[in-house]
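J.: The structure's right below; bear with me while I get my questions together.
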Amino acid sequence: MSRAADPTGLRSWSVGANVQRLVTIGIELTNDTTHDDEKRLAAESAAGLVESGMRVGLGTGSTVGYFLPALARRELDLTCVATSLQTADAATRLGFSVEPFDSFDRLHIAVDGADQIAPSGWLVKGGGAAHTREKVVAAAADRFVVIATADKCVDRLEPPVPLEVLAFGVAATLWRLGGAERRGVDRSPDGNIIADYTGPIDDPEELAGRLDATPGVVEHGLFAPTLVSDVLIGRGTRVEHRSGLA
Ligand code: 5RP
């Protein structure tokens, strides 16, 4: 996927990896169109769930990059909070009112992408390193809607699981996890280190509990099914709607 094909300039590592694979096996980038169409379909479907007057949480990533213009085209009266500076910029450029997330205690809806979606409903998020703010926003939303392409649906979750870790004691925190490494990206907007847990994911619930209980781990990218209301998957020319457990 070229930057020109991305409506907001937002990209995540997973999309970059797909492009890399296509380039490696010699398929023209235009063959990525179906993938982009799946993003657009899921994004447009999610935009249809938003109503005027809502407080809306805006996720991060290239699929959200399709959601923002789809939502803007609906010309609704909305108040938004953004999960990343990139999304805040893109949303502001599209004319959305983006507020700091410090005074609303609830959001009506939040829409975000995912890196992996398991049959059990567990997600891995954080390919764009925004998972901490994304989880705070998802947890604050009455309805958390995940939008993704069909390739994000996996039989079982695989590492890495993104981490946000306190800078103080970061080496000790990663050592304690026994299989974690720093990612070569900027710190989070909250000043923390971005890393990845690289060990096995035998049981997402057990691993999420262990990560939650590890001192120094600010947040991890495992999202429980209980956070998720709807999953909208662009699959070819249609949208598959899975209801979550939230
Ligand atoms: C960012 C995220 C993204 O939602 C996730 O990486 C999916 O991105 P994309 O829509 O580009 O595939 O969790 O932290």
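J.: Under 16 Å Cα-Cα from K135, which aspartates and glutamates qualify once same-chain neighbours fewer than 8 residues away are excluded?
T.: Within the straight-line limit of under 16 Å, K135 reaches these aspartates and glutamates: D102, D105, D112, D115, E164, D190, E205, D212, E219, D230.
J.: Rg and Dmax of the chain over Cα atoms: what are they, in angstrom?
T.: 17.2, 50
J.: Related question: If you count the DSSP beta bridges with both ends in the chain, what percent of them are antiparallel, to the nearest 5?
T.: So the antiparallel bridges in the chain amount to around 50 percent.
J.: Given Cα pairs under 8 Å that are at least 6 residues apart, what percent is the relative contact order of the chain? Numbers along the way, then the final one.
T.: Details: 527 pairs, mean separation 49.8, N = 246.
Rounded, it is 20 percent for the chain.
J.: Next question. In Å, what is the Rg of the alpha-carbon atoms in the range 161-219, and how long is Dmax?
T.: 10.7, 31
J.: Report, in debye and to the nearest 20, how large the dipole of the chain comes out about its Cα centre when Lys and Arg carry +1 and Asp and Glu carry -1 on their Cβ.
T.: That gives the chain a dipole magnitude of about 260 debye.
J.: Let me ask you something else. With a 10 Å radius around each residue's Cβ, average the other Cβ atoms per peptide and rank 191-197, 38-44, highest first. Don't skip to the end; give the middle numbers.
T.: Numbers: 191-197: 20.4, 38-44: 24.7.
Order by mean packing, descending: 38-44, 191-197.
J.: Need the list of lysines near K152 for cross-linking: C-alpha distance under 17 angstrom, and skip anything on the same chain fewer than eight residues off.
T.: In chain and number order, the partners are K39, K125.
J.: Using the per-residue mean of other Cβ atoms lying within 10 Å as a proxy for protection, in what order, highest first, do the peptides 71-79, 212-220, 135-143, 110-118 fall? If you can, show how the numbers build up before the last one.
T.: Numbers: 71-79: 15.2, 212-220: 16.8, 135-143: 20.0, 110-118: 26.1.
Output ranking for 71-79, 212-220, 135-143, 110-118: 110-118, 135-143, 212-220, 71-79.
J.: Under unit Cβ charges (Lys, Arg +1; Asp, Glu -1), what dipole magnitude, rounded to 20 debye, does the range 161-219 have relative to its Cα centre?
T.: Here the size comes out at about 340 debye.
J.: What order, most packed first, do the peptides 89-101, 48-60 have when packing is the mean number of other Cβ atoms within 10 Å of each residue?
T.: 48-60, 89-101
J.: Next up: Dividing the alpha-carbon radius of gyration of the range 112-246 by 2.2 N^0.38 Å (N being the number of residues), what value is obtained?
T.: Details: Rg = 14.7 Å, N = 135, 2.2 N^0.38 = 14.2 Å.
In units of the 2.2 N^0.38 Å rule of thumb, it is 1.03.
Bear in mind that the values in this text are calculations on the coordinates, not laboratory data. It should be emphasised that the depicted structure is a prediction, and the values quoted were computed from it without experimental measurement. FYI the Cβ positions are ideal-geometry reconstructions off the backbone, even for glycines, and counts take in every protein chain you see.
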